[in-house]
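One structure below.
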Amino acid sequence: MSQRVVKILMNGVTGRMGRNQHLIRSVLAIREQGGVPLPSGDVIWPEPVLIGRSEPKLRALAAEFGLSEWSTDLDAALADPAAEVYFDAQVTSERAASVRKAITAAKHLYCEKPIAADAGEALELARLAQAAGVKNGVVQDKLFLPGLLKLKRLVDAGFFGRILSVRGEFGYWVFEGDWQSAQRPSWNYRAEEGGGIIIDMFCHWQYVLENLFGRIRAVSALGATHLPERVDEAGRRYRATADDAAYGTFELEGGVIVQLNSSWCVRVYRDELLWLQVDGTHGSAVAGLRTCKVQHRVTTPKPTWNPDVPNPFDFYGDWQEVPDNTDFDNGFKAQWELFLKHVVCGEPFPWDFMAGAKGVQLAELGLRSWAERRWLEVPELGA
């Protein structure tokens, strides 16, 4: 058995997502398990190089996990011929410029979403990466959630019959930052820094809906900034300029209607932070982050409207749990392993920059729909 070392420039790992999901729970977890095994018996061994703007933070992070390489000089890091992959988890406003540099340096690219602040720039990055011949991928982690994997299993098995509609709720209360600290960074609530829940979550909803149910044909969205003032990490009050809630309706090919609410201003009264209900002619399912429950038409109760008597039904009890039937790994880690196999072995990786650009396109159309207060068609990207 031999190791195939892949040196990865990881930019933005001092932030919440870069540190927790990508460095600790993905790349370092892969190292802890002995690498990514290959059919030949060899393994892919990721070697992270921490990149960022704060020398003290990088030094402390490297020391915490026993890593030897870090740098605040992205240009110098990109000049290293041994570095094969550039990964970006910076704030959205900084991403495109760094990705362009990595393309010029002929590095393979793996990025958090959104890959750019607008669809035109996202499409340009996709075309530049393709022209440069570098492998490229975008994080689409929700496809690897156990609940949605179970939902995909049901779709592929034809459980629903003809799918009619999808309803969803996502979000939780993000504290304002005064009497309790916020769980999300303050830049998320400043549009000038790439913040906003539509640019964030519509990128997710695009790939979730397309991979599970079909292409999105049209979108109608309403955004809101419910909390106009928040307090940042230094205790300073600031004006929130970005949307913190989004109420979207989507029409898919085949006539499926989707309603999805996304909010950082909602208190959770459901089993999980994400909840999707799919209704079809033969059955329905409710999926969360980890669980999925179903109700077939032969076990569907027959309620009638009568508010004058106590409810005789246990509506929650009429659903059946979908079993795991497999082990589910961390979704970020699972996609990292697939991308590393794509780089080393050329295995398929469908979630490339063009897929990421589709998410930015939908977010941009959602913002336009809100501003213009109307439905908008979703054209084929680049058409």
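Values quoted throughout were computed directly from the atomic coordinates according to the rules given, and no laboratory measurement underlies them. Just so it is clear, the model here is predicted, and its values are computed rather than measured. Cβ sites come from the backbone with ideal geometry, for glycine too, and all protein chains shown count toward neighbours.
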Problem - Degrees, to the nearest 10: 55-65 long Cα axis against longest axis of the chain - result: 80
Problem - HN-Hα J in Hz across segment 11-23 - Karplus 6.51, -1.76, 1.60, θ = phi - 60°, x for Gly and Pro - result: 9, x, 7, 7, x, 4, 5, x, 6, 6, 7, 8, 7
Exercise for the section: Mind pulling the angle between the C-alpha long axis of helix 331-345 and the longest principal axis of the chain? Nearest 10 degrees, somewhere in 0 to 90. Expected result: 50
Handout entry: the chain, dipole about Cα centre (Lys/Arg Cβ +1, Asp/Glu Cβ -1), debye to the nearest 20
Key = 220
Handout entry: Over the chain: helical MRE at 222 nm, DSSP H runs n ≥ 4 each giving -39500 (n - 2.57), nearest 500
Key = -9000 deg cm²/dmol
Handout entry: Student exercise, segment 1-57 dipole from Lys, Arg, Asp, Glu Cβ charges, in Debye to nearest 20
Key = 260
Practice task
For the chain, compute the number of Lys pairs whose alpha carbons are separated by less than 18 Å, excluding pairs fewer than 8 positions apart on the same chain.
Solution key: 23
Exercise for the section: Express the C-alpha Rg of segment 81-228 as a ratio against the empirical globular expectation 2.2 N^0.38 Å, rounded to two decimals. Expected result: 1.23
Fill in the blank from the handout: The answer for L274, listing residues at least 5 apart or on another chain whose modeled amide H is closer than 5 Å to its amide H, is L289
Problem - Cα gyration tensor category, rounded, prolate or oblate, for segment 287-383 with a/c compared to 1.5 - result: oblate
Exercise for the section: Among L252, F332, A116, flag the residue with its Cα farthest along the positive direction of the charge dipole of the chain, charges on Cβ as +1 for Lys/Arg and -1 for Asp/Glu. Expected result: L252
Fill in the blank from the handout: Among beta bridges assigned by DSSP with both residues in the chain, the antiparallel ones amount in percent, to the nearest 5, to 60
Handout entry: Percentage relative contact order, the chain, counting C-alpha pairs under 8 Å, at least six apart
Key = 20
Fill in the blank from the handout: With +1 on the Cβ of every Lys and Arg and -1 on the Cβ of every Asp and Glu, the dipole magnitude of segment 230-302 about its Cα centre, in debye rounded to the nearest 20, is 340
Exercise for the section: Could you work out how far the C-alpha centroid of segment 151-207 sits from that of segment 68-129, in angstrom? Expected result: 25
Exercise for the section: Could I have the simple spin-label model distance between D73 and A60, label points 7 Å from Cα toward Cβ, reported in nm to one decimal? Expected result: 2.5
Practice task
Quick one: plug the Kirkwood hydrodynamic radius of segment 1-120 (C-alpha pairs) into Stokes-Einstein at 25 °C, 0.890 mPa s, and report D in µm²/s.
Solution key: 167
Problem - chymotrypsin sites (Phe, Trp or Tyr not before Pro) restricted to segment 347-379 and DSSP loop, no more than 15 other C-beta within 10 Å - result: W375
Practice task
Pull up the DSSP beta bridges for segment 3-63 and report the antiparallel fraction as a percent, rounded to 5.
Solution key: 20
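Around S165, with a cut-off of 12 angstrom between Cβ atoms, what is the net charge of the other residues, counting Lys and Arg +1 and Asp and Glu -1?
Charge balance in the 12 Å sphere: 0.
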Practice task
Could you let me know the centre-to-centre spacing of segment 241-314 and segment 320-335, using Cα atoms, in angstrom?
Solution key: 21
Completion exercise
To the nearest 10 degrees, the tilt of helix 197-212 (Cα long axis) against the first principal axis of the alpha carbons of the chain is 70
Exercise for the section: Mind computing the radius of gyration and Dmax over the alpha-carbon atoms of segment 185-241? Å is fine for both. Expected result: 14.7, 45
Practice task
Take S369, S181, S93 and order them by how many other Cβ atoms sit within 10 Å, fewest up front.
Solution key: S181, S93, S369
Practice task
Take every Cα-Cα distance within segment 201-337, group them into 5 Å bins from 0 onward, and report for each bin the whole-number percent of pairs it holds.
Solution key: 2, 7, 12, 15, 16, 17, 14, 9, 5, 3, 1, 0
Exercise for the section: For segment 74-88, just list the computed ³J(HN,Hα) in residue order, Karplus coefficients 6.51, -1.76 and 1.60, θ = phi - 60°, integers in Hz, with x standing in for Gly and Pro. Expected result: 5, 4, 5, 5, 5, 6, 6, x, 6, 7, 9, 10, 10, 10, 10
